[in-house]
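Notes to accompany the following structure.
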Amino acid sequence: MNFYENTLKNMNKAAKIMKLDQETLDTLSYPQKTLMVNLQVRMDSGEMKYFEAYRVQHSELRGPFKGGIRYLPNVDLDEIKALATEMTFKCAVAGIPYGGGKGGVCCNAKEMSKGELERLTRKYVQAVYQVIGPNHDIPAPDMYTTPQIMAWFMDEYSRLVNQYSPGVVTGKPIEVGGSLGRGTATAQGGAYVLEEYMKRHDMKAEGTTVIVQGFGNAGSFAAEILHSMGFTVVGVSDSKGGLYNEKGMDPFCIVKSKKEKGSVTNCDEGKAVGPMEILEKPCDILVLAAMENQVTEANMKNIKAKIILELANGPTIAEADEYLSKQGVVIIPDILANSGGVTVSYFEWLQNQQAYYWPLEEVEVKLKRAIIEALVRILDLQNEHKCTLREAAYISAFDRLDKALKLRGSGAHLRCKVYNK
Ligand code: NAD
């Protein structure tokens, strides 16, 4: 299933339920701008290599374009378009004044040296700096892009515009304008939503089992936070494989082991299982924190979880979403579940704009308040329309986007394609 088509399908379903103005749906079904570039980077060996890269600016109806950059070998334009579109909806769900964007570079970050990654990042900034900026388009980390990469990004942009510009990118290290709490924000936001949802359904963390797919920024912190809240983490996985123990495992030990040995599979907290097999193991809650298209027609019938928390973007394809929802599985959708990341990115940007930095407690209190408000609005809409949480989340976003479009006028979502190869 093409990720972009899947996103459009989700939008169409919600639009139909809420009887959205067709013009608004059509407008938001295309990104405003698409930039494609080819980056020339000198490798450590002396060889010159070429990397295809993208920046998609989906919508700035509610504020500057906002969204991460991923470094992955097989990134393609449709994937980035889908992610940029989801960002527009996520920011609207979260009620933060941003639109949506996303970037990607086709590269294998795992096999590149620090110097090669720095040169690639600086080349990417040189290619896009004229179309981004603190009040126009603000990138952030995503898969295989780290706070260090964000620091190089900010440095190169500041050099090019001859002005210290920490607000051009979020997810930076604390020392160069990052926010306390940004590293854990995606996982923490997901944990707040899950906790509130469970509280409203008389469910408790104690005795509830969790499997976490993906053990990077979102997944490893999610495993640690949920374990600290009293959940029993029975399974985890990364790209190399899974680890399962029905009695429960200590995610802090798994993090330590992954740092030393490169994968969760080498840890003796549990037994190694296949990377996809882990999704089908018994658990109450399945946290999807790896990447898109993980729960599909091929495995949906074998999912045992009662709740799926989507920390990754687009991990459940539309057919599986429909099937599982009919089976009574509650899916807390990506545009709500992982919106803690962009919410704290927004806080980081606010702190950069004011050159005034907040204590961690302030970040956490504001994040919790914002994400629970977003959840409550979605639960009300779910009740009103008798639909799934995903449909209600898209309705929540469409409502805000539709109002912004009508107030600003139909020229607001200007479409223009830029091909710059
Ligand atoms: P990351 O690069 O830090 O980690 C990705 C993890 O997924 C790694 O542990 C990798 O080994 C694992 N992985 C890759 N393929 C896998 C597979 N087939 N099976 C199991 N594990 C696999 O990336 P991240 O920032 O944690 O992002 C993960 C997901 O969360 C992505 O979909 C991303 O778009 C989404 N997301 C991240 C943030 C954020 O703030 N980092 C915010 C919102 C959404």
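The figures follow:
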{"item": "In the stretch 209-231, the residues that are more than 13 Å from the ligand (Cβ to nearest atom), small (G, A, S) and either within 19 Å of K271 (Cβ to Cβ) or assigned to a helix (DSSP H, G or I) (or both)", "result": "S228"}
{"item": "Which listed residue, of A337, A312, A355, A289, is within 16 Å of the ligand (Cβ to nearest atom), farther than 24 Å from C387 by Cβ and not charged (D, E, K, R)", "result": "A289"}
{"item": "Selection status of G189, part of a helix (DSSP H, G or I), open to solvent by less than 10 Å² (accessible area, probe 1.4 Å) and either within 11 Å of the ligand (Cβ to nearest atom) or free of Cβ contacts under 8 Å to residues at least 60 places away in the same chain (or both)", "result": "yes"}
{"item": "First in the stretch 330-354 and touching a residue at least 40 places away in the same chain (Cβ under 8 Å), second anywhere and acidic (D, E) and assigned to a helix (DSSP H, G or I), Cβ under 9 Å, 6 or more apart", "result": "I331/D321; P333/D321; P333/E391; D334/E86; I335/E86; F347/E362"}
{"item": "Check on K368, more than 25 Å from N10 (Cα to Cα), away from the ligand (no atom under 16 Å from the Cβ) and open to solvent by 20 Å² or more (accessible area, probe 1.4 Å)", "result": "yes"}
{"item": "Among (1) surrounded by 22 or more Cβ atoms within 10 Å (Cβ to Cβ); (2) of a type outside the set (A, V, I, L, M, F, W, C); (3) within 12 Å of the ligand (Cβ to nearest atom) - the single one D321 does not satisfy", "result": "(3)"}
{"item": "Residues satisfying the stated conditions in the stretch 75-102, i.e. open to solvent by 10 Å² or more (accessible area, probe 1.4 Å), over 18 Å from T170 (Cβ atoms) and of a type in the set (A, V, I, L, M, F, W, C)", "result": "L77"}
{"item": "Matching entry among P251, P275, P282 (being touching a strand residue (DSSP E or B) at 6+ places or on another chain (Cβ under 9 Å) and within 9 Å of the ligand (Cβ to nearest atom))", "result": "P275"}
{"item": "Pairs with Cβ under 8 Å, 6+ apart, first in the stretch 214-231 and outside the structural domain of K258 (by TED's automatic domain parsing) and touching a residue at least 40 places away in the same chain (Cβ under 8 Å), second within 7 Å of the ligand (Cβ to nearest atom) and open to solvent by less than 40 Å² (accessible area, probe 1.4 Å)", "result": "none"}
{"item": "Output for the stretch 256-272, where each listed residue is within 11 Å of the ligand (Cβ to nearest atom) and either free of Cβ contacts under 8 Å to residues at least 40 places away in the same chain or not assigned by TED's automatic domain parsing to the domain that holds E224 (or both)", "result": "G262, S263, T265"}
{"item": "Options E86, E118; residue that is within 14 Å of the ligand (Cβ to nearest atom) and acidic (D, E)", "result": "E86"}
{"item": "Criterion violated by V234 - all others in (1) open to solvent by less than 20 Å² (accessible area, probe 1.4 Å); (2) part of a helix (DSSP H, G or I); (3) more than 12 Å from the ligand (Cβ to nearest atom); (4) out of contact with any helix residue (DSSP H, G or I) (no Cβ under 9 Å at 6 or more places or on another chain) satisfied", "result": "(2)"}
{"item": "Elements of type strands (runs of 3 or more DSSP E) contained in the stretch 240-318, each with 3 or more residues being buried (at least 23 other Cβ atoms within 10 Å of the Cβ)", "result": "285-288, 307-310"}
{"item": "Residues located in the stretch 147-186, provided they are over 14 Å from G341 (Cβ atoms), open to solvent by 10 Å² or more (accessible area, probe 1.4 Å) and within 14 Å of the ligand (Cβ to nearest atom)", "result": "Q148"}
{"item": "Residue list for the stretch 210-231, filter: open to solvent by 30 Å² or more (accessible area, probe 1.4 Å) and among the polar types (S, T, N, Q)", "result": "N217, S228"}
{"item": "Selection from the stretch 116-144 of residues that are open to solvent by 10 Å² or more (accessible area, probe 1.4 Å) and polar (S, T, N, Q)", "result": "Q126, Q130, N135"}
{"item": "Sole exception among (1) touching a residue at least 40 places away in the same chain (Cβ under 8 Å); (2) not in a loop (DSSP other than H, G, I, E, B) for G181, by number", "result": "(2)"}
{"item": "Candidate set from the stretch 45-60 (those that are of a type outside the set (D, E, K, R) and buried (at least 16 other Cβ atoms within 10 Å of the Cβ)); member that is nearest to K403 (Cα to Cα)", "result": "S59"}
{"item": "Condition met for Q327 (free of Cβ contacts under 8 Å to residues at least 12 places away in the same chain, within 27 Å of T7 (Cα to Cα) and open to solvent by less than 60 Å² (accessible area, probe 1.4 Å))", "result": "no"}
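The values are calculated or read from the model by the stated rules, or taken from the named source; none is laboratory data. Everything quoted here is computed from the prediction, not taken from an experiment. Cβ coordinates were reconstructed from backbone atoms using ideal geometry, including for glycine residues, and neighbour counts include every protein chain displayed. Note: accessible area is taken over every heavy atom of the protein model, side chains too, but ligands, DNA and RNA are not part of it. Shrake-Rupley method; radii C 1.70, N 1.55, O 1.52, S 1.80 Å.
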